[in-house]
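I have placed the structure first, in the form of structure tokens, so that the comments after it can refer back to it.
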Amino acid sequence: MEKLKNNPLIKAIGTQRLVALLALIVLYVAFGIMNPRFATYNTMVNIFDASYYIGFMAIGICFVIATGGIDLSIGTVLTMSGLVAGYLSVNLGFPIWLVIIICILIGTLFGVMNGLLVAKLGLPPFIATLGTMMLSKGIGSIITSAQSVTWKSGSDPEGWYRAIFKIKTESGLLIPTGFLFLIAAAVIMAIVMNKTKTGRYILSLGSNKEATRLSGVNVDKYLIIAYIISGTFAGIAGLAYSTIYSTLLPGGGAGFEMDAIAGVVIGGTSMSGGIGTIAGTMIGVFIISVLKTGLPFVGLQTHYQQVATGLVLIVAVFADVYRNRKKN
């Protein structure tokens, strides 16, 4: 066992990330064996489609969880961003380039709000983000008069934005360009978390907030930055979801945050803070995406997917708690 722990490959990847990676491979192979139709190119594209909005939310909330906090609003902020931006485009004729910016800025605005509520007003993150979750849910319904919004199709002159996440060739081949966008975002944010002063201070908040404060760090500033990152990526997730699935329903999005949180924790980020991994988060996101895409292939529909995600989240949190107990 000691030899395994000292193995250079395991040290480089991390034990939990290695276990998660192996679980992802086993899960994909198992679905392929149970239903050969799962192991096709189109199914892989569907897995990528499901990973975009979960992945962007997960990248953002990874920073918040690393501080020891939580952001429950990202799912409904995703939906509100897509609803409001889509409404401005379809009903008011806003140009799509401006709509894309607005979609992301709505998420950023909620990130600022969450950060101020937690850092300046001292509200518990659970309560603060639960409040903004309900707020964003209601605002989206009010602005759209509780009507669904369908973003412009690829055949529309302004439908060029769909190529950000998927290109359909003349032969009908689907190219998941969004995968490159997601991986690029993950690489950039991994550098931010591990190689910059901002990332190191955010991680130190989760390790020991008071010690960080006493060392002269502006704790409130970096706590707000963590929530701004989370909100901004929720806005980007809203763009991704709107592009892939086109139609958004008022009041939707509640529960999306659980998929993102599950991906983050499965990947090795500690719920108690101080440890954050974007690479592990991406592995966790693809585990959730494979589950969501694969379960219907074996005859299990939405409610079973929720059960599976819940069980995976419980196991991941238990592993995190067990790891922390061993350290102490």
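The values are calculated or read from the model by the stated rules, or taken from the named source; none is laboratory data. Source: prediction; values computed, not measured. No Cβ is skipped: glycine too gets one built from the backbone with ideal geometry, and neighbour counts run over all protein chains shown. The accessibility values were calculated without ligands, DNA or RNA, using every heavy atom of the protein model including side chains. Shrake-Rupley method; radii C 1.70, N 1.55, O 1.52, S 1.80 Å.
Going through region 276-299 one residue at a time, which ones are open to solvent by less than 50 Å² (accessible area, probe 1.4 Å) and more than 24 Å from Phe38 (Cα to Cα)? Passing the criteria: Gly276, Thr277, Ile278, Gly280. Count of region 253-276 residues, restricted to those that are more than 23 Å from Ala184 (Cα to Cα), part of a loop (DSSP other than H, G, I, E, B) and under 16 Å from the mean Cα position of the chain (by Cα), is 5.
Summed over region 147-169, the residues that are among the hydroxyl-bearing types (Ser, Thr, Tyr) and either at pLDDT 90 or above or touching a strand residue (DSSP E or B) at 6+ places or on another chain (Cβ under 6 Å) (or both) give a count of 2.
When region 300-316 is filtered for residues that are open to solvent by less than 50 Å² (accessible area, probe 1.4 Å) and over 17 Å from the mean Cα position of the chain (by Cα), the ones remaining, listed by number, are Gln305, Ala308. When Phe126 is tested against the conditions (1) touching a strand residue (DSSP E or B) at 6+ places or on another chain (Cβ under 9 Å); (2) touching a residue at least 12 places away in the same chain (Cβ under 8 Å), the lone failure is (1). Residues of region 164-196 that are open to solvent by 30 Å² or more (accessible area, probe 1.4 Å), part of a helix (DSSP H, G or I) and farther than 19 Å from Thr243 by Cβ: Val187, Ile188, Ile191, Val192, Asn194, Lys195. Of all residues in region 200-234, those that are under 27 Å from Ile183 (Cβ atoms) and open to solvent by 70 Å² or more (accessible area, probe 1.4 Å) total 2. Within region 147-163, being open to solvent by 40 Å² or more (accessible area, probe 1.4 Å), within 17 Å of Leu92 (Cβ to Cβ) and either touching a residue at least 60 places away in the same chain (Cβ under 8 Å) or under 24 Å from the mean Cα position of the chain (by Cα) (or both) holds for Gln147, Ser148, Thr150, Lys152, Glu158.
Would you confirm, using the coordinates I've provided, whether Gly253 is closer than 29 Å to Ile33 by Cα, out of contact with any Phe, Trp or Tyr (no Cβ under 8 Å at 6 or more places or on another chain) and in contact (Cβ under 8 Å) with a residue 60 or more places away in the chain? No.
Restricting to region 235-275, and then to whatever is among the small types (Gly, Ala, Ser) and open to solvent by 40 Å² or more (accessible area, probe 1.4 Å), can you tell me which residue is modelled with the lowest pLDDT?
Checked region 235-275; the qualifying residue modelled with the lowest pLDDT is Ala254.
Within region 197-230, track down each residue that is of a type in the set (Gly, Ala, Ser) and assigned to a loop (DSSP other than H, G, I, E, B).
Residues of region 197-230 that are of a type in the set (Gly, Ala, Ser), as a first pass: 199, 204, 206-207, 211, 215-216, 226, 230.
Within region 197-230, Ser215, Gly216 qualify.
The single residue among Ser73, Ser89, Ser81 that is at pLDDT below 95 and either surrounded by fewer than 19 Cβ atoms within 10 Å (Cβ to Cβ) or not basic (Lys, Arg) (or both) turns out to be Ser89.
Taking the condition of being closer than 15 Å to Val84 by Cα and either in a helix (DSSP H, G or I) or open to solvent by 80 Å² or more (accessible area, probe 1.4 Å) (or both), how many residues in region 100-144 meet it? Matching residues across region 100-144 total 20.
With respect to the conditions (1) in contact with a Lys or Arg (Cβ under 7 Å, 6 or more places away or on another chain); (2) small (Gly, Ala, Ser); (3) closer than 23 Å to Gly75 by Cα, Gly154 lacks only one, and its number is (3).
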